[in-house]
Each structure stands twice: as structure tokens, then as C-alpha cells.
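I have placed the structure first, in the form of C-alpha cells, so that the comments after it can refer back to it.
The values are calculated or read from the model by the stated rules, or taken from the named source; none is laboratory data. Note that the structure is predicted; figures quoted are calculated from it, not measured. FYI the Cβ positions are ideal-geometry reconstructions off the backbone, even for glycines, and counts take in every protein chain you see.
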Amino acid sequence: MGSGPGDTVREHVLWNPFANMAGLAGRSVTIVRGEGCHVFDGEGRDYLDALASLWYCNVGHGRAELADAAAAQMRQLAAYQVFEHYSNPPAGELASRVAALAPVPGAKVFFTPGGGSDAVDTAAKLARAYWRAIGKPGKQISIARSHAYHGMNAYGTSLGGIPANTEAFVPLVSLVEHVAWDDPAALDKTIEQLGADRVAAFFCEPVIGAGGVYPPPPGYLAAVREICRRHDVLFIADEVITGFGRVGTWFASERFALDPDMITAAKGLSSGYAPIGAVIIGERVAEPFWRPGSDLVFRHGYTYSAHPTTCAVALANLDLIEREQLVGRVAALEPVLARHLAPLADLELVGEVRAGTGLLAAVEIAEESRAADPGLAARLVAGLRERGVITRLLRGVALQISPPFVITEEEIGQIAAAFADTFEAAAHS
Ligand SMILES: Cc1ncc(COP(=O)(O)O)c(C=O)c1O
């Protein structure tokens, strides 16, 4: 666990995201190396990474060609800004590549440096700028869903539907409303009550991720898409997790025929080898800004937008995904993962197993067990780690399974076995 000289100093200085720092001393796990679906701590302990880190290491750890791509680009041109009229070859090439992969006709692509949170805030601002540009400045409200996670910048925090993440901060952005995650009628009613002439956009994770991995209820996505179209509200698919293959198609928007006005993406674009996010923008939203003769400027951007080194890494990552046909591999592994996890549903402490949408799954801890024993979830996560599997707790209710695309059936079996063993041991302790 805690390892090596200097660790004590690090534990007291590095402020970990989403951590109880008061309780962390001496319990941090220092990951020093990764290879395939495995990561290793400072003491050489080997863990199966059931998370692909935070849903992003899709091509697996230790891919030297991505390091080579970064080094080659750094030697050529490590970084240069793209404000106003500057560009760089990897950024231009990556934008074309992403636009061609996305199920968004005539797409334009805006790159963000920090990942998904920047992409969400960019899309939210662009939605409002778009309505203003076409003479409907009253359309300013964004709607999101319960259980939603849209990152931690100001807009994303406000859009989030996980109360524990928002209660210390909101309202940050005031013009935000929430609806139940699984109820199209609630969206329809909310837009009607607010007035469609005040609503800019609906933000929707095709598969809810950090909120607990909820695949869309049958018919849900088609219904909310139709409602947005009918009320002339922009549909923004937050594909930060699902984009670039995780549901067995390049984008969930393709699998669920979403025809989004914008897609936000990040993680799988570079498999996390370098931080980068993207907003993929449909023709309608781009048009007022790109129309010949338009003098409009989207006054938004980041110092490291379209950073050449991160774009070069993302290009090498897409090459690798295509060469190894990893998106097809996810589709093939979808039923395998679901089959291995299904028996867990019969265990005493398990409430529900959610799987069946690509390599995305969660094992929910039974509500009565959580209520009776508030320390149970943390013990399950620790128990799994002791058995060599890294997972984490989502929204206080479910354990995440989102392995790298290169996972083998044998490794999926090992994850399922470790879950079964850990839950059984906890039930009888
Ligand atoms: C759906 C979704 N949107 C946005 C984000 C924020 O991305 P980041 O943490 O890269 O800023 C995440 C992160 O997990 C996410 O799952």
C-alpha cells in the first residue's frame, strides 16, 4: 500500500480529488507502472484494473507507441497556441479524423485541454452563444438528469445530478434545471413549464456513468430526442465515457441513433495517455459562426486547446484502436462481461447487476445491506483490492467495472470471481 521513502511527505501534501484527506494517511496506494489490464504498486503488487483507471485507459497500459508519438511531436513542436488564426498539423488532422468518425454530419471539432469538464462547459456556453447568434437570446436554460455526472467545472457541477457532489457549491450556474433520469415525460413537462423559448439545451449521458452505470431504459433515448426536436432544444450527448468505443460502436450516439447537435468527449480519445477533450459540433450550431461573411466570434478557448503533443498522442491512439479493431472487440466482449457478472445478482449482498452496454457494468450493493452497515461498501472495495482487483464505489451504491478494451475473457472471469469471493466473505464476516 503506502510505499517507499518520501511517501509520508506525499500523503500529507498531495490533496487527492474526492478523498477524505483526514483518513488517508498511511492508506494511499502508489501506482508506479502499468501493462495491459494490470497496474503495479510500489511494492510490486499486481492489480487487475477493472476501471481502466477512470474509464479511460481503453487501449490498456504501457503502450510504447503512444509514448513514442508524444516524444516525436515534442521534438518537432511541443506546444503552440491555436487562438485566432494559428493551427498545427496534429490538431488539424485530429479534428478531421474525429469529425469523420462521429455520427454528426458536417461536424466541426473544438478541442479542450483538461478533458471532459472543459468540454461540457464549452458545449454549454456554445449552446447559449448559438441561440443568441440566431436571435433567440432568451434560450439560456440547460436541463440535465438526476444521477448525471458532467464534470467538475462550474457548468458541469451545476448540471450534475449527484447531490453529494453538488450540495457544497450550487448554485454556480443559475439557469440549470434537473429532471428524473429515466422519465421522458418529466423532460417534456419541464420544458413546457419553463417555456421552450427559455430552454437552450438538454444534456444527456447515453449511458449514465459515474451516477452508477445505468444503461438507458428501453425507448428512453428515442423519446427524449423527439421531445428536444419538438421543442427546438439542443440535444447534447455527453459521451465523455461512451465516446471512442466503450459501448461497442465509435459513439453511443451511433448505437442509439441520437443525431445529437453536439457531442462532448474526452477519455477514450487519447486513452488518457495525454489529457484532451473535444466538443463535436453539428452543422446547425456551427453555421452562424462559420457562414461566409459572418463576423461572429465564439470568445472561448484555453491556453492548451488543440495542444500538438496531446493531439499527436490521440492520433496514435486512434490508429491503435483501428489497427487492433478494438471497437469490434468491445462489441464481442459485451455479452461475455454480462454473462460472467450475471451470477453475482444471486449473492446475498448484491442488489442488482447492470451490464449489457459495451464494457460498462456495475454491481449494486443491496440497499438493506448498505443501510444496515454504512462501512460495507468501503470494505468491499478494500477486499477486492486485497484480492488484486481495483474497483471503486459509484454514488455510494454500486461498484464500477469498465476494463480496458484489451481485456481477455480469462481476466473478465478473474474480476467476476474476485467480486463473488469478496461479497461472499463480507456476507459471512
Ligand atoms: C459523462 C462525463 N462527463 C464529464 C466528465 C468530466 O471529465 P473530466 O474528469 O475529464 O474533466 C466525466 C468524467 O468522468 C464524465 O463521466
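Could you grab me the full set of residues in region 397-429 that are part of a loop (DSSP other than H, G, I, E, B) and either of a type in the set (Val, Ile, Thr) or out of contact with any strand residue (DSSP E or B) (no Cβ under 9 Å at 6 or more places or on another chain) (or both)?
Across region 397-429, the qualifying residues are VAL397, PHE405, VAL406, ILE407, THR408, HIS428, SER429.
How about region 212-222: which of its residues are surrounded by 17 or more Cβ atoms within 10 Å (Cβ to Cβ), at negative phi and not hydroxyl-bearing (Ser, Thr, Tyr)?
Once the filter is applied, which keeps residues that are surrounded by 17 or more Cβ atoms within 10 Å (Cβ to Cβ), at negative phi and not hydroxyl-bearing (Ser, Thr, Tyr), region 212-222 yields PRO215, PRO216, LEU221.
In region 10-59, which residue that is under 20 Å from GLY243 (Cα atoms) and in contact with a helix residue (DSSP H, G or I) (Cβ under 8 Å, 6 or more places away or on another chain) is farthest from the ligand (Cβ to nearest atom)?
Among those residues, the one meeting the criterion is CYS37.
Of the residues PHE83, PHE111, which single one is in contact (Cβ under 8 Å) with a residue 12 or more places away in the chain, among the aromatic types (Phe, Trp, Tyr) and surrounded by 15 or more Cβ atoms within 10 Å (Cβ to Cβ)?
Within the list PHE83, PHE111, the selection yields PHE111.
Could you please give the count of residues in region 118-152 that are free of Cβ contacts under 8 Å to residues at least 40 places away in the same chain and of a type in the set (D, E, K, R)?
Residues flagged as free of Cβ contacts under 8 Å to residues at least 40 places away in the same chain and of a type in the set (D, E, K, R) within region 118-152 amount to 2.
Please find, within region 1-56, the residue that is farthest from SER402 (Cα to Cα) out of those that are β-branched (Val, Ile, Thr) and at pLDDT 90 or above.
Ranking the candidates gives VAL13 first.
Return the total of residues in region 233-247 being more than 24 Å from VAL313 (Cβ to Cβ), in contact (Cβ under 8 Å) with a residue 60 or more places away in the chain and either surrounded by fewer than 24 Cβ atoms within 10 Å (Cβ to Cβ) or out of contact with any Pro (no Cβ under 9 Å at 6 or more places or on another chain) (or both).
Qualifying residue count for the region: 1.
Would you confirm, using the coordinates I've provided, whether LYS136 is assigned by TED's automatic domain parsing to the domain that holds VAL240, part of a loop (DSSP other than H, G, I, E, B) and away from the ligand (no atom under 16 Å from the Cβ)?
Taking the combined requirement at face value, the residue satisfies it.
For ALA186, are the conditions met, namely being away from the ligand (no atom under 13 Å from the Cβ), closer than 21 Å to ALA223 by Cα and assigned to a helix (DSSP H, G or I)?
It is true that ALA186 is away from the ligand (no atom under 13 Å from the Cβ), closer than 21 Å to ALA223 by Cα and assigned to a helix (DSSP H, G or I).
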